[in-house]
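Only the coordinates and a few stated rules stand behind these numbers; no lab work does. This is a predicted model, so every value here is computed, not measured. Virtual Cβ from ideal backbone geometry, glycine too; neighbours counted across all protein chains shown.
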There are 2 protein chains.
Amino acid sequence: MPTRLSSYFLRTLREDPSDAEVTSHRLLVRAGYIRRQAPGIFAWLPLGLRVKAKIEAIVRAEMAAAGAFEVHFPALLPKEPYEATGRYEEYGPAMFRLADRKDAGLVLAPTHEEVFTLLVKDLYNSYKDLPLSIYQIQDKYRDEARPRAGLLRGREFTMKDAYSFDYTDAGLDASYQAQRDAYERIFTALGLEYVIVKADAGAMGGSKSEEFLHPTPVGEDTFVRSAGGYAANVEAFTTLVPESRSFEGLTPAEVLDTPDTPTIQTLVDRANSAHPRPDGRAWTAADTLKNVVLALSQPGGTRELVVIGLPGDREVDLKRAEVAFAPAEIEAATEADFAKHPGLVKGYIGPWSPEGAVLGEEGSTGIRYVVDPRVVDGSGWITGANSHGKHVFGLVAGRDFTADGTVEIAEVRAGDPAPDGSGPVELARGMEIGHVFQLGRKYAEALGLKVLDENGKLVTVTMGSYGIGITRILAIIAELHNDEKGLIWPPAVAPFDVHVIATGRDAEVYEAAERVVADLEAKGLDVLFDDRPKVSPGVKFGDAELIGVPQIVIVGRGVAEGVVERWDRATGERTQVALDAVAASFG
Amino acid sequence: MPTRLSSYFLRTLREDPSDAEVTSHRLLVRAGYIRRQAPGIFAWLPLGLRVKAKIEAIVRAEMAAAGAFEVHFPALLPKEPYEATGRYEEYGPAMFRLADRKDAGLVLAPTHEEVFTLLVKDLYNSYKDLPLSIYQIQDKYRDEARPRAGLLRGREFTMKDAYSFDYTDAGLDASYQAQRDAYERIFTALGLEYVIVKADAGAMGGSKSEEFLHPTPVGEDTFVRSAGGYAANVEAFTTLVPESRSFEGLTPAEVLDTPDTPTIQTLVDRANSAHPRPDGRAWTAADTLKNVVLALSQPGGTRELVVIGLPGDREVDLKRAEVAFAPAEIEAATEADFAKHPGLVKGYIGPWSPEGAVLGEEGSTGIRYVVDPRVVDGSGWITGANSHGKHVFGLVAGRDFTADGTVEIAEVRAGDPAPDGSGPVELARGMEIGHVFQLGRKYAEALGLKVLDENGKLVTVTMGSYGIGITRILAIIAELHNDEKGLIWPPAVAPFDVHVIATGRDAEVYEAAERVVADLEAKGLDVLFDDRPKVSPGVKFGDAELIGVPQIVIVGRGVAEGVVERWDRATGERTQVALDAVAASFG
């Protein structure tokens, strides 16, 4: 039976929703696919549910092909497993928490690693049971600080999350590869261009992780790639570390007056005018060592200062910093922080002062000091002397100061060398469409998932976790496939195969349209039939363009001459087809 | 492709789960269909998910046939709509409540009347848009005080909830009937015997409601039915009210000493020995008026005493009382309550004392007094005189006391007359498998859902709500279809059509089994294939019996002679079939 617009639960809207920030959100609401319930929480209307079901069917088919079995967990789960792995705290305010009538703590699960681990622990105990891959398609909840962009970053979303269980590293590699291959097939079936980039495992923990990004200038994620094949998101990019240099022949550090130079630019200008470089070249920001003071708040509640030393021509990339210091929350140090540490002079901070080490291993302040990997032993810098209006020139890493370690939080720039030696990288933007993790043994260890191996020895299981945001992908497809008139669905995920429009009021036209619909359905096509008797052709055409079914058939006055029109939504092309040949024209 | 037990995610268990109270729970866990996560919260394993999907498909098909369109709401919703209808308070502790990071109140929806109402209000505004029926199949949450019986009363459950919208009462009748008819078709397709009984609308509000009950002695609901066709659950049963009688010729009330008679039995004994009935017949409990003092706590927090007068041979039915006084919580009056009202003498309470009216319209205590409908004007009673050791005989309703109203909370007994005059009722037990409500205008009024009618006048929409518990029905089917060996699924919902078992270790047998499987799949049958090479035939047979696929094919040594065995799980019958004719034997 066709879906008849005369009775279908659908209202297209003329006005854009006032809160829509992105095209997909605007069009999915206007065309009657979704409807907002609360910030980042949406109801699915019949059209939207059809597209979602098509995406789910593609994902299910490829999961089955990858040998994964479907299960289903509730969204509401006890908090204890999440406490056991530390994620209950680490998730911070992004996790919805509640209590039941007996005051037992519950969570709305943001992902399900813990309970999948416990399920397998519950049922399996031998290496013979492995490998195992299981997945679910399930509604998840995250209390995003700023839900936005419609379905792209909601507080509720449907996700396919798969988990693999192996007892050897090689097994994990194979399970990971099977899911990774399935993802490639899924995105190909969905017509979604993708780049696979190295990613940081972040809050998930684990040893290896890759992201599938759809490259698009409006993507919220930045990634880098080299012509030689390196690709990583900026959070996972690692700096190609220069070689250490010998201290030999380096002049001693010298404290110089640099009044009114609290910024890198004022410092460089002052250095070039008052303290020119001995070799005659100009000082640049890259010759300075900038020291940024951050406060890290751990989920447990402790707050710690850390100073980051990085070349003055680089900014701190906050996303990279969040990953580097996860799960801590990061903020700039406050005046109160500085007041407690008079050894650090704001605007003139450095690891050293004429009185000796201030930061780092021997530092008098006791504050942790981590530096950009470019600050190698033997590199010399202009940096603050912890005295108002003074900087030290030629302060040499490893000779005059020693950091507590290095950290990857400096911004990545086009032209930076890829760490694998494959040449300079370019920056691009993308949207995350999938994420695969080798979790390793973190979860199995925390929750005690072990099996007996071939020798009867208990070994800890190694796991992978593999996610695709179903509703996010739907929004991305909508974001990619539209024009100023509305949506243009790729056939693989379109809510219907054909949209048949009967125009005018002639009974003859409507009867012909019914026959066309019946012919198309007899071919196995899903038909949306605009049979509304009192709606003008203009409104019907407008609705069809907004809804975005890829193929449209217009049955109108031409019926008298035995012809109807086929209209390709994507190209706009209209062609006349004989009434009897419509179904055949669909090949 | 067949599902191969050698790699399937399935472990059958030898032991019953320790917390299983009912057969369905025990077998669904042991056979690997579900796994407990928390009290009343379960994960669905691959086998369980298959059965669930089959039930959902049947429900979806009949919803489509009834003209209802599928939508999908999140479980997590803002609290405000539920506050607007009063259900936020009325649901009490059974509703999961939480707050987001901005402290906005949220709920896990127990049902979705409010947001469906708002969705339609959001999109529709004319009578031309109606009638409309929309539904979802969705995971719901209720914080049950005592989650029990596995899936039968869980805290998470999958429900099909449909809602109809009309602008006339006749329209609502038609929409209600369409859903009611669909329910009959669904239960028939599922092979579930059902009785449709009048029900009380309870917390849902509304004017008319019916329950679909599956009659079974182990059901948790009691219902009544008469040979003449009356059927109601006990909560909805109404008493056939006797006619009022004339006061003429009735003797005046008389206070008599009845020491040590705080119970109905002691009172009847004492009356018969010390104050025999003038007409010579014996006094019975039915001649006494028992007065029960209850305390009603409203969700808002107020607490009120109420006295119930009912014939001494009837007990208060707590379920009927809960419905009659909903949404109040009911408890027995405490000593403190009695202390506040010295006019009521415990053990000797009545509506009247020698000093005058104590309860009812003129009652000195000011406490509300409601009576069983059998306490009609002109009926005379032995009842407490509010004086220790004294009762009043011949106290006549309407002459000596006047109640504040009647209430249906006395127990219903087999033999009680049906209210429609269709004869005496019998009592039976059943399990609720569906519930349909005519909500009327309660929700539309509370949330402002109005449409313009034919005359351009705004009219409030009238609604219905229709629920089927998908997971509950699955459990009920499991509860009905099993034996001491395990489950026996009806073919319509079985996880697989055929379970093929290869026995022994002969390669020839396994090759033959592969051919059988391929033949069955070529016929469009879903096959579970026990291809485990190292598992004994006994274990394989036991697993097959436990899992409960209705048709089993055993491929074993008979292969040498070209025969296999077909085994009917329900009847236990085994028949030999030629190897080449297995698929054909499936008709």
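The label point for B:Ala581 and the one for A:Asn455, both projected 7 Å from the Cα toward the Cβ, are 5.7 nm apart.
Projecting label points 7 angstrom from Cα along Cα→Cβ for B:Leu256 and A:Thr216 puts them 9.0 nm apart.
Could you tell me whether region A:390-544 comes out rounded, prolate or oblate from its Cα gyration tensor? Rule is a ≥ b ≥ c as square roots of the eigenvalues, rounded for a/c under 1.5, then prolate if a/b exceeds b/c, otherwise oblate.
oblate
Projecting label points 7 angstrom from Cα along Cα→Cβ for A:Val292 and A:His275 puts them 2.3 nm apart. Tell me the angle of helix A:46-65 to the major Cα principal axis of chain A, expressed in degrees between 0 and 90 and rounded to the nearest ten. It is inclined by approximately 70 degrees.
Just to confirm the number: angle between the C-alpha axis of helix B:169-189 and the first principal axis of chain B, 0 to 90 degrees, nearest 10? It is inclined by approximately 50 degrees. Projected onto planes of every orientation and averaged, the convex hull of the alpha-carbon atoms in chain A covers 35.2 nm². Straightening the chain between A:Lys319 and A:Glu248 buys 21.8 nm, computed as 0.36 nm per residue apart minus the Cα-Cα spacing. The alpha-carbon of B:Lys534 sits under 19 angstrom from the alpha-carbons of these lysines, leaving out residues fewer than 8 places away in its chain: A:Lys128. Computed over region A:38-94, the P(r) curve from all C-alpha pair distances, binned at 5 Å from the origin, holds 4, 13, 12, 14, 16, 18, 19, 5, 0 percent per bin. Distances, shortest first, from the label point of A:Arg148 to those at the same position in the other copies read 5.1 nm; the point lies 7 Å along Cα to C-beta.
Sorted shortest first, the separations between the B:Ser207 label point and its copies elsewhere in the assembly read 6.9 nm; each point sits 7 Å from Cα along the Cα-to-Cβ line.
In region A:496-585, the alpha-carbon atoms span a convex hull of 78 Å³ per residue.
Among the GluC sites (Glu not before Pro) in region A:284-346, those located in a DSSP loop and surrounded by at most 15 other Cβ atoms within 10 Å of their own Cβ are A:Glu315.
For region B:139-295, the Stokes-Einstein estimate of translational diffusion at 37 °C and a viscosity of 0.692 mPa s comes to 154 µm²/s, using the Kirkwood hydrodynamic radius over alpha-carbon pairs. In loop segments of region A:7-98 as defined by DSSP, the GluC sites (Glu not before Pro) with at most 14 further C-beta atoms inside 10 Å of their C-beta are A:Glu15, A:Glu21. Across region A:496-585, the relative contact order, built from alpha-carbon pairs under 8 Å that are at least six residues apart, equals 33 percent.
Listed by chain and number, the aspartates and glutamates whose C-alpha is less than 19 Å from the C-alpha of A:Lys390, apart from same-chain residues fewer than 8 away, are A:Glu254, A:Asp257, A:Asp260, A:Asp269, A:Asp287, A:Glu355, A:Asp400. Chain A residue nearest the axis that carries A onto B, by Cβ, with distance in whole Å, is A:Leu98, 2. Here region B:254-396 yields Rg over Rh of 0.97, to two decimals, using C-alpha coordinates and the Kirkwood radius. Of the three principal axes defined by the Cα atoms of the protein assembly as shown, the extents in descending order read 132, 79, 76 Å.
When only Cα pairs below 8 angstrom with a gap of at least 6 residues are kept, chain B shows a relative contact order of 17 percent.
Per residue of peptide A:110-123, the mean number of Cβ atoms on other chains within 10 Å of the residue Cβ is 2. Cross-link check: pairs A:Lys52/B:Lys160; B:Lys121/B:Lys208; B:Lys54/B:Lys160 evaluated at a Cα-Cα cut-off of 20 Å; pairs beyond the cut-off: B:Lys121/B:Lys208. The slack between A:Lys485 and A:Ala332, meaning 0.36 nm per residue of separation minus the straight C-alpha distance, is 50.5 nm. For a straight C-alpha distance cut-off of 14 angstrom, the aspartates and glutamates reachable from A:Lys79 (same-chain residues fewer than eight places away being disregarded) are A:Glu89, A:Glu90, A:Asp100, A:Asp103, A:Glu113, A:Glu114.
Entry note, region B:303-375: relative contact order of 41 percent, from Cα contacts under 8 Å with a spacing of 6+ residues. Shown here for region B:171-258: GluC sites (Glu not before Pro) in loop regions (DSSP other than H, G, I, E, B) with at most 15 other Cβ atoms within 10 Å, namely B:Glu193, B:Glu220, B:Glu243, B:Glu248. Paramagnetic label reach from A:Glu193 (point 7 Å along Cα→Cβ; backbone nitrogen cut-off under 11 Å): within region A:213-234, residues A:214-217. Each copy carries A:Lys523; placing its label point 7 Å along the C-beta direction from Cα gives inter-copy distances of 3.4 nm, listed from smallest up.
Computed from Cα atoms, the angle from the helix A:537-547 axis to the main principal axis of chain A rounds to 40 degrees. Computed extension length for A:Glu355-A:Gln177: 58.4 nm, one decimal, from 0.36 nm per residue of separation with the Cα-Cα distance subtracted.
Dipole magnitude for chain B: about 1280 debye, using +1 per Lys or Arg Cβ and -1 per Asp or Glu Cβ, origin at the Cα centre. Adding -39500 (n - 2.57) for every DSSP H run of four residues or longer, then dividing by how many residues chain B holds, sets the calculated 222 nm ellipticity at -7000 deg cm²/dmol.
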